[in-house]
Amino acid sequence: MLKKIYIYFSEIADKLYSEKTFTKNNKKVIHTILKNDLKAELKENEESILFGCGCFWGAEKGFWRLPGIISTAVGYAGGEKTNPTYREVCTGQTGHTEVIKVVWNREIIDLSDLLKLFWECHDPTQGNRQGNDSGTQYRSAIYTSNNNQLIKVIESKKSYQVELQKQGFGKITTEIASNIKFYFAEEYHQQYLAKPGSRPYCSAMPTKVKFKDFKGSNFKLSEKIWSYYNWEITHCILRGENTPIQSN
């Protein structure tokens, strides 16, 4: 219900912030917290990937807090329509899901660490739903940008499936694909939870099942970092600070 109300008010915002301007021009859009350009070209030591795990507001905050993250941006991927708007995606008719584009420095953090947060921060067995939000736009998804990432993602899924089944959960429904087109969401959605006047919201429903080792993993973050994420607390992501977690 709350999400539907927000969609109504977003119609007004759409008129104030043109999504066409944001997606088509080359102007810099600076990350509210990390202060890097969301559209910057990747450097030699950087990679990017797309994660879909429910409403992208809360999910984005979970990722931008990790050490080694260069930038995060919310958007739409996995559908058919070119340059979809938020209202269009929320109808469930475009085929897109809400995703977060994560860019990281692989010298500081590994994809393994990102996968740990991804698998643990939501319930990947819910199909076209996450918590109270239902529809294809809320489906769990990982869209990789190269074959090495794809291999790791598949292996991590296999490993987590075993752990989930031990706890009575069903099959993982996460959509996994490579080289999927990403469309930036409207500017007012970017780092939404860090902006003044934002409505705290997170649809993710963590299973509380711990993600463990998998073939090809190379975890770089310490247990101290993960102590900032407590899935026993309802909507843990909303409780934490907006600032990045310090690694030392």
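Mind listing which trypsin sites (Lys or Arg not before Pro) in the range 206-248 are in a DSSP loop and have 16 or fewer other Cβ atoms within 10 Å?
Lys208, Lys210, Lys212, Lys215, Lys220
For the charge dipole of the range 2-239, defined by +1 on Lys and Arg C-beta atoms and -1 on Asp and Glu C-beta atoms about the Cα centroid, which residue among Gln93, Thr234, Ala194 has the Cα displaced farthest towards the positive pole?
Among Gln93, Thr234, Ala194, the one farthest towards the positive end of the dipole of the range 2-239 is Thr234.
What is the mean projected area of the alpha carbon convex hull for the chain, to one decimal in square nanometres?
Its Cα hull, projected and averaged over all orientations, spans 12.5 nm².
How high is the relative contact order of the chain, given as a whole-number percent (alpha carbon pairs under 8 Å, six or more residues apart)?
Contact order relative to length: 27 percent.
Taking every pair of distinct Cα atoms and averaging 1/r, then inverting, what Kirkwood hydrodynamic radius in Å comes out for the range 118-184?
Across the range 118-184, the inverse of the average 1/r is 12.8 Å.
Would you compute, for the Cα atoms of the range 109-248, the largest minus smallest coordinate along each principal axis and list the three values in descending order, in whole Å?
Cα extents, longest axis first: 43, 38, 32 Å.
Run lengths n ≥ 4 of DSSP H only: what is the helix-derived mean residue ellipticity at 222 nm for the chain, with -39500 (n - 2.57) per run over all residues, to the nearest 500?
That comes out to -8500 deg cm²/dmol.
Ratio of Rg to Rh for the range 68-182, alpha carbon only, Kirkwood?
The Rg/Rh ratio comes out at 0.96.
Rule-based calculations on the coordinates, nothing more; no lab input. None of the values given here were measured: they were computed from a predicted structure. Counting neighbours? That spans all protein chains shown, and the Cβs are built from the backbone with ideal geometry, glycine included.
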